[in-house]
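Reading through the structure tokens given below for one structure.
Any read-out appearing in this document is the output of simple, stated calculations on the displayed coordinates, not a laboratory observation. Everything numeric here is computed off the predicted structure, so don't read it as measured data. Note: ideal-geometry Cβ built from the backbone for every residue, glycine included; neighbour counts use all protein chains shown.
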Amino acid sequence: MMPSFIKSKLRRDALQAPLIAIVALLFAWFIAFVVLPQCKPAIASARQNLPSIAIDWSPNNDPRKNYNASKVALIIEHEPLPLLVPLILHMIGVVPPDWRFIFIGSQKSVWTVGRAFGIQVQQGLGKIELMQLPQPWKIRSKEDRNRLLTDTRFYDEFLPGVEWLLKFSRDSILCANSELSLNDWLDYTWAGATDNRQNKALAVYGDLSLRRISVIKQILSFQSRYNDSEADDSWFGSRLEVLPDAKLAMTSDRAFAVQNNITSRPMGYNLQARGNLVDQEVWKYPEARKEALKYCPEIHIILNMKLEKERCPGDNLMGQINPTTTTMEEALTTS
């Protein structure tokens with residue numbers, strides 16, 4: 001027989017469980033119907049102050065997206081020249097930061113440019129892209145490049161979405177001391193240098209030029225260049241001159257580029273064949289050369305220059321050798 005004190009304990013335990021459940025239920029109702037309605041405004045206010053978090057399940061890690069896709073600076077060079085790396089890095093520093101760069105070259109020239117640490121840094125930032133064109137595209141000769149730049153397929157395949165094209169070469173450079181930015185010329189259809197052999201009023205010639213690709217495509221939609229004919233700048237220039245609504249740089253404007261028409265404080269210089277094919281009558285004066293080099297010392301990167309000590313005796317600094325006593329004695333000795 002069970003003792004009485006055990007029976008009384010069991011009865012108390014049996015009553016405690018329902019009592020606890022009833023108290024818990026009453027407390028939950030109190031929280032839900034009394035406390036919570038009073039706290040709802042405070043909770044809503046706190047939620048509004050919480051920072052929002054968004055998860056991008058497909059992030060775009062392409063660094064080229066950091067730049068304006070419609071602005072590209074282009075250089076095409078087949079030869080693996082040592083000057084390419086300092087020239088490109090200088091241009092990256094001078095051209096506005098929203099522009100991207102594209103280098104098109106041969107296997108050797110792409111390797112020469114791509115092995116430089118400075119170029120590799122810019123590649124990682126998405127600033128420059130090194131490109132070797134597939135067959136049948138060619139860039140070896142000047143005529144190959146003329147055909148490339150007058151073929152609408154080149155722009156469609158390799159420069160999609162580009163509107164402003166800064167074309168430069170191993171013979172051209174922008175000056176860091178220029179008071180104007182490249183973006184100051186964006187309302188022009190075409191801007192370049194003046195060529196004394198062409199229309200002297202226009203400044204659309206040379207390898208250093210800013211071009212509107214939409215206008216290039218417009219011209220190529222109804223005209224085609226004959227192979228082995230005019231250079232691409234001359235071919236486009238004669239057609240741009242009669243194109244309605246085309247805004248072309250003129251000789252009377254602030255100089256975009258200087259070739260053989262010396263102007264003070266231009267945006268840049270285009271010195272053909274690294275200075276070997278410039279107009280000797282224009283550039284023979286040492287004062288003109290000194291002024292250009294003082295304003296734009298980076299011209300040294302592209303010029304084929306010699307040291308002062310390498311000058312011949314009797315050099316008058318204007319491309320002529322005047323006979324001297326020393327040179328005449330040497331001539332008599334050798335004769």
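Quick look at the values:
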read-out: Long-range neighbours under 8 Å by Cβ, at least six apart or interchain, first residue over 14 Å from ARG211 (Cβ atoms) within region 141-162, second hydroxyl-bearing (Ser, Thr, Tyr) and surrounded by 14 or more Cβ atoms within 10 Å (Cβ to Cβ); value: GLY161/SER70
read-out: Whichever residue in region 217-234 is within 27 Å of the chain's Cα centre (by Cα) and in a loop (DSSP other than H, G, I, E, B) and, among such residues, is surrounded by the fewest Cβ atoms within 10 Å (Cβ to Cβ); value: SER221
read-out: Residue within region 108-123 that is out of contact with any helix residue (DSSP H, G or I) (no Cβ under 8 Å at 6 or more places or on another chain), hydroxyl-bearing (Ser, Thr, Tyr), farther than 16 Å from ASP171 by Cα and outside any strand (DSSP E or B) present; value: no
read-out: Residue identified as surrounded by fewer than 17 Cβ atoms within 10 Å (Cβ to Cβ) and either on the phi > 0 side of the Ramachandran plot or among the aromatic types (Phe, Trp, Tyr) (or both) among ASP245, ASP253, ASP279; value: ASP245
read-out: Scan of region 84-128 for residues that are of a type in the set (S, T, N, Q) and more than 21 Å from ASP144 (Cβ to Cβ), ordered by number; value: GLN120, GLN122, GLN123
read-out: Breaking point among (1) within 18 Å of the chain's Cα centre (by Cα); (2) in a helix (DSSP H, G or I); (3) hydrophobic (A, V, I, L, M, F, W, C), for ALA176; value: (2)
read-out: Failed item in (1) assigned to a helix (DSSP H, G or I); (2) farther than 16 Å from ARG145 by Cα, with ASP195 passing the rest; value: (1)
read-out: Residue that is surrounded by the most Cβ atoms within 10 Å (Cβ to Cβ), among those in region 124-136 that are part of a loop (DSSP other than H, G, I, E, B) and touching a strand residue (DSSP E or B) at 6+ places or on another chain (Cβ under 9 Å); value: LYS127
